[in-house]
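These notes are about the structure you will find just below.
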Amino acid sequence: MSIDARKIRLIMQLRRSGVTDTKVLGVIERIPREMFVPPSFHDQAWEDTALPIDLGQTISQPLIVALMTQALDVHDRHKVLEIGTGSGYQAAVLSRLCRRVYTVERHRPLLHEAEHRFRTLKLHNITSRHGDGTRGWPEQAPFERIMVTAAGGPEPPKDLTDQLSIGGVMVIPLGGGYGEQRVVRIRRTETGLHREELWPVRFVPLLSDQDVEERAHPS
């Protein structure tokens with residue numbers, strides 16, 4: 001089956017699974033997902049499945065990428081913060097929908113590979129950096145939208161919600177670890193944070209620098 005036929009099949013699957021935003025579907029179709037997966041998985045790049053990348057991380061299932069992007073409700077004037085660059089695929093999708101993406105990744109080798117893909121695809125509205133994603137990017141705050149692609153604990157990191165603008169939206173998996181997790185949409189209003197649970201998922205955990213240090217040197 002050709003790549004074009006696989007793309008058409010995937011887009012039809014996404015539509016049947018509840019992705020109704022035509023802008024999101026259009027971007028999913030245009031971003032070459034095969035560029036974001038290891039060569040040994042190129043034949044599966046347009047399948048609706050998560051795939052492994054380096055350092056024990058994954059590129060998310062296209063349905064999850066599409067649903068989370070749809071839930072974020074990104075507009076072309078928004079400044080978006082993404083936590084967890086990974087392969088760079090989600091940032092690439094967001095970059096085609098918003099004004100600018102700021103993306104943070106704790107694994108430097110993954111970040112370097114993602115940055116190379118951004119340059120190759122001429123995605124010049126993505127700014128990236130290596131760091132602790134739980135701290136966000138305070139120098140560029142506030143953000144109209146925040147996307148987190150790793151699972152936090154029961155509550156989102158306070159540094160991230162503090163960097164969300166009034167009227168802003170965050171989409172984040174919550175639940176911690178590899179157990180029960182749900183994608184949650186958080187809206188910040190004048191009166192506080194309003195939380196809406198969406199659907200179950202399974203993401204790698206969102207780790208702070210302190211978490212990493214404790215895992216490396218358990219007491």
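Since every read-out is calculated from the coordinates, none of them should be taken as a lab result. Predicted, not measured: the structure shown is a model, and the values here were computed from it. Methodologically, a virtual Cβ is constructed for each residue, glycine included, from the backbone with ideal geometry; neighbour enumeration extends over all protein chains shown.
Couple of notes before you dig in:
- Counting only the Cα atoms, the range 90-217 fills a convex hull of 113 Å³ per residue.
- Rounded D (µm²/s) - the range 26-128, Kirkwood Rh over Cα pairs, Stokes-Einstein at 20 °C, 1.002 mPa s: 158 µm²/s
- Gap separating the Cα centres of the range 1-62 and the range 83-116, nearest whole Å: 16 Å
- Virtual paramagnetic centre 7 Å along Cα→Cβ of R15, amide N under 18 Å, in the range 32-47: 47
- Distant-in-sequence amide H partners of Y102 (H built 1.01 Å from N, under 5 Å): V80, L81, E82, T127
- Relative contact order of the range 77-194, pairs being alpha-carbon contacts under 8 Å that are 6 or more residues apart, as %: 23 percent
- Rule-of-thumb Rg ratio for the range 107-170 [Cα; 2.2 N^0.38 Å; N residues]: 1.24
- Residues R117, R195, ranked from the fewest to the most other C-beta atoms within 10 Å, line up as R195, R117.
- Percentage of interatomic Cα-Cα distances in the range 4-59 larger than 20 Å: 26 percent
- Length-normalised contact order for the chain - Cα pairs under 8 Å, 6+ apart - percent: 14 percent
- Extent of the chain along its three principal axes (Cα atoms, max minus min coordinate, largest first): 50, 41, 35 Å.
- Given K23/K158; K79/K158; K7/K158, the pairs whose alpha carbons are separated by over 27 Å: K23/K158; K7/K158
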